[in-house]
Amino acid sequence: MKTNFPKLPQTVDLQQEAVEVLTQHMGIAKTAIFMSDTFWKPTDYLEIKDRLFGDETVESIYEKVIEWKEQNRQP
């Protein structure tokens, strides 16, 4: 099955949105600590990806996101 992926957001926009979401939900202090730990310490991103998504493909994750969005659509 061929899936047409939407245009991806710009990295700067995505980073800005992520910081806003983290700040709203965790507060500025926790966000700063999280960002410091995340961006200044060595991180094995492949290990994180494997823990979060296992053997899933981009396509299967995308399909789950679309399904979730349809199920959670507000009337």
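Listing for the model above:
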| read-out | value |
| --- | --- |
| Looking only at the range 3-33, and only at residues there that are within 15 Å of the chain's Cα centre (by Cα) and modelled with pLDDT under 90, the one that is nearest to Glu63 (Cα to Cα) | Leu8 |
| Flag for Ala29 being assigned to a helix (DSSP H, G or I), without any contact (Cβ under 8 Å) to a residue 12 or more places away in the chain, surrounded by fewer than 11 Cβ atoms within 10 Å (Cβ to Cβ) and hydrophobic (A, V, I, L, M, F, W, C) | yes |
| Conditions (1) surrounded by 11 or more Cβ atoms within 10 Å (Cβ to Cβ); (2) part of a helix (DSSP H, G or I); (3) acidic (Asp, Glu): number failed by Asp13 | (1) |
| Test: Glu67 is within 15 Å of the chain's Cα centre (by Cα) and either surrounded by 10 or more Cβ atoms within 10 Å (Cβ to Cβ) or outside any helix (DSSP H, G or I) (or both) | no |
| Residue in the range 42-49 that is out of contact with any strand residue (DSSP E or B) (no Cβ under 7 Å at 6 or more places or on another chain), at pLDDT 90 or above and surrounded by 11 or more Cβ atoms within 10 Å (Cβ to Cβ) present | no |
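The values are calculated or read from the model by the stated rules, or taken from the named source; none is laboratory data. Since the structure is predicted, the reported quantities are computational estimates derived from the model, not experimental observations. Note: ideal-geometry Cβ built from the backbone for every residue, glycine included; neighbour counts use all protein chains shown.
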